Each structure stands twice: as structure tokens, then as C-alpha cells.
1. Just give me the residues in segment 226-245 being out of contact with any strand residue (DSSP E or B) (no Cβ under 6 Å at 6 or more places or on another chain) and more than 16 Å from ligand 1 (Cβ to nearest atom), in sequence order.
2. I need every pair where a residue in segment 88-105 that is outside the structural domain of LEU66 (by TED's automatic domain parsing) and modelled with pLDDT under 95 has its Cβ under 6 Å from the Cβ of a residue that is within 9 Å of ligand 1 (Cβ to nearest atom) and among the aromatic types (Phe, Trp, Tyr), sequence separation at least 6 or different chains.
3. I'd like to check something: does segment 74-82 contain any residue that is outside the structural domain of TYR235 (by TED's automatic domain parsing), under 21 Å from ILE13 (Cβ atoms) and not polar (S, T, N, Q)?
4. Suppose we keep only residues that are in contact with a helix residue (DSSP H, G or I) (Cβ under 9 Å, 6 or more places away or on another chain) and not polar (S, T, N, Q) within segment 68-95. Which one would you say is nearest to GLN117 (Cα to Cα)?
Amino acid sequence: MIILFLTMTLNTILVSGSSLSDKVDQNPPNMYKNPEEKAKIYCSHSIATWNRILWYKQSDRQLQYLGNMVAGSALPESGLDEDVTIGGSADEGRNCTLTINSVSVSSSAVYFCAAGQTQGTPAYFGKGTKLTVLETGQPVTPPTVKIFPPSAKECRNKKDDIRKKTLVCVASGFYPDHVSVSWEKNGNGVKDGVATDSAAKRTPDKTYRITSRLRVPADDYNKLGNTFKCIVSFYNGTENVLRHASIKSIQGKSEGGMTKEKYLKHLQNAKLSYGVLIVKSCIYGAFIGFLVWKLQSSARKYS
Ligand SMILES: *[C@@H]1O[C@H](CO)[C@@H](O)[C@H](O)[C@H]1NC(C)=O
Ligand SMILES: *[C@@H]1O[C@H](CO)[C@@H](O)[C@H](O)[C@H]1NC(C)=O
């Protein structure tokens with residue numbers, strides 16, 4: 001898939017997702033910094049005829065142009081709210097660097113380089129660098145992952161819908177929001193039927209939460225031994241760490257969301273509360289009966 005970004009800056013067509021984007025190497029993909037630290041991003045390409053690298057900052061769906069380098073000369077954009085330096089070289093096999101000299105919370109964004117030839121020709125995006133400037137007092141925390149079985153409601157299938165089940169995976173309690181979610185069935189990657197929130201959401205406790213859903217045919221879900229796994233990759237400041245949860249079919253019922261013991265315990269509790277309810281109703285009934293009897297007898301006394 002090719003995505004075109006048309007920008008007015010420098011009369012350049014920016015291309016992402018093309019095979020030529022593979023010729024652009026941007027590092028690192030993730031970065032955490034404390035306020036006032038220096039952040040350095042590297043970009044190189046492997047095309048002999050290219051000698052130009054452009055830099056962009058993407059935040060809140062806005063793409064802001066930061067400057068460019070042609071061969072060995074840098075031209076940073078003037079009047080930026082960010083103090084940036086562009087260095088190195090834009091020639092083949094060399095590193096061009098973008099340095100943010102003193103980061104602040106508003107520096108948190110995804111930075112992109114794009115490499116190409118001269119003005120008026122396409123420039124191809126690198127994969128981006130997601131920078132988060134850590135908030136003071138917010139420790140880097142990996143997610144807790146839970147998987148929930150299909151809701152009982154969904155089990156009553158609708159008429160014209162082939163029976164499907166939705167598994168829900170929730171990753172929560174993490175900071176910051178450098179995560180990606182993937183699914184596996186019996187150890188193999190699954191892409192079909194997956195819907196993941198486009199971005200993690202901030203919760204009142206200042207950590208993040210993201211949800212992903214996997215829709216599978218009911219037969220598939222109920223098949224004995226089938227295991228569905230939700231894997232969350234979290235960047236912890238040095239590397240990507242994995243957290244996961246899974247659910248396994250056992251004779252038409254799946255365990256993981258609710259185990260058999262838990263189910264029995266629930267049943268026991270349900271029976272108990274039902275019993276209490278019956279006893280309560282009996283006492284209430286007796287009380288009402290007593291009242292009626294009392295009223296009737298006092299009415300008899302009056303008449
Ligand atoms: C660019 O710099 C990075 C980080 O120092 C290094 O890993 C990479 O090999 C360099 N690339 C080139 C083409 O010199
Ligand atoms: C990141 O995870 C690795 C592997 O679990 C661990 O060795 C390292 O200490 C972690 N880094 C941080 C900053 O938590």
C-alpha cells in the first residue's frame with residue numbers, strides 16, 4: 001500500500017509504505033527521555049542518486065516540517081518551537097542526524113525522516129521514531145494483559161450472522177504508550193478478524209489502557225484444544241518486552257477467562273444468594289401475613 005502525503009513545503013511528494021521506503025533506515029524506533037535531555041535520531045539510505053533527507057514531526061495528526069539536509073549542508077526551518085540541529089550527511093550510506101537539543105513534554109511525538117533526490121521528486125519515509133518525554137513521577141511500567149471470553153449475549157446468535165465469537169484482550173496499567181498488540185492461534189500469527197484501538201487511552205490513574213478484539217467462527221473457538229493468545233509488546237526503555245494472556249478450548253467450553261473451579265464457585269455463590277433471597281421472601285411474607293391478620297382482627301374488634 002502506498003500512502004501519499006502532499007505537502008507545500010519544498011514542493012515534495014512524500015511517500016510511505018512503498019518498497020523504496022525499505023531503502024530508508026531510521027533509528028531508533030522508540031526513545032524515552034527525561035525533560036531537558038538531548039534526543040538524537042539517525043537516518044540513512046542506500047540509493048546512490050539520492051542526496052536529500054527531510055525531517056518531520058508528527059503530533060496530533062499534524063505533520064510539521066523541521067528542515068532538510070542536501071548532501072552535507074543542513075537547512076533547519078526557522079522559527080520552530082523546538083531547538084533542533086541537523087547534522088551528518090544525506091549521501092548514500094551516511095548518517096543524517098536530527099538532534100533535539102533540550103526536550104520538553106511537548107517534544108513527545110513521532111519523528112520521521114524522508115529521503116529522496118532533488119526538489120520536485122518523491123521522498124520516501126523512514127519507519128519513524130516515537131519519542132516520549134517522561135513525566136516526572138511516572139515510572140516506566142509494562143502492561144498487565146487479560147483476555148476475556150465471548151460475552152453470553154453474543155452466544156445467542158443472530159439469524160443472518162454466521163456464528164462468530166469475539167475474544168477481548170485488555171492491556172492496562174502501562175506507561176508510556178509504546179505498545180503493539182498481536183494475536184496467535186495455536187502458536188501461529190492471526191491477522192484476520194483483529195481490531196485494535198487506534199491508540200492507547202489515558203486512564204485517571206495516569207497509566208494507559210488498550211483493547212484489541214479477535215472475532216473467530218464459533219466452531220473454531222469451541223474446537224477442543226484450540227488456544228488463542230494475545231501478545232502485547234511494550235518498549236521498556238531498553239528493549240521490547242512481551243506480556244501475554246491466552247484462552248484454551250476444553251470440550252466446547254473455554255478456560256482462561258473463567259476456570260471450572262471459578263465457575264462452580266460462582267454457581268455455589270449464586271445458589272447461596274438465591275437461598276438467602278427465598279428465606280428473606282419467606283420472612284417478609286410471614287410478616288405481611290401477620291400484619292394482615294392483625295389488621296383484620298382489629299377491624300373485627302371495631303365492628
Ligand atoms: C548510523 O548511526 C547508527 C547509530 O550510531 C548506527 O547504528 C548505524 O550503523 C549508522 N549507519 C550508517 C549508515 O552509518
Ligand atoms: C527491560 O527489560 C529487560 C528484559 O526483561 C530488563 O533486563 C531491563 O532491565 C528492562 N529495562 C528497564 C529500564 O526496565
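The values are calculated or read from the model by the stated rules, or taken from the named source; none is laboratory data. Being a predicted model, the structure only gives us computed values, none of them experimental. So basically every Cβ, Gly included, is an ideal-geometry build from the backbone, and we count neighbours across all protein chains shown.
1. Within segment 226-245, ASN236 is the sole residue that qualifies.
2. none
3. Yes, the conditions are met somewhere in segment 74-82.
4. Here the residue is GLU77.
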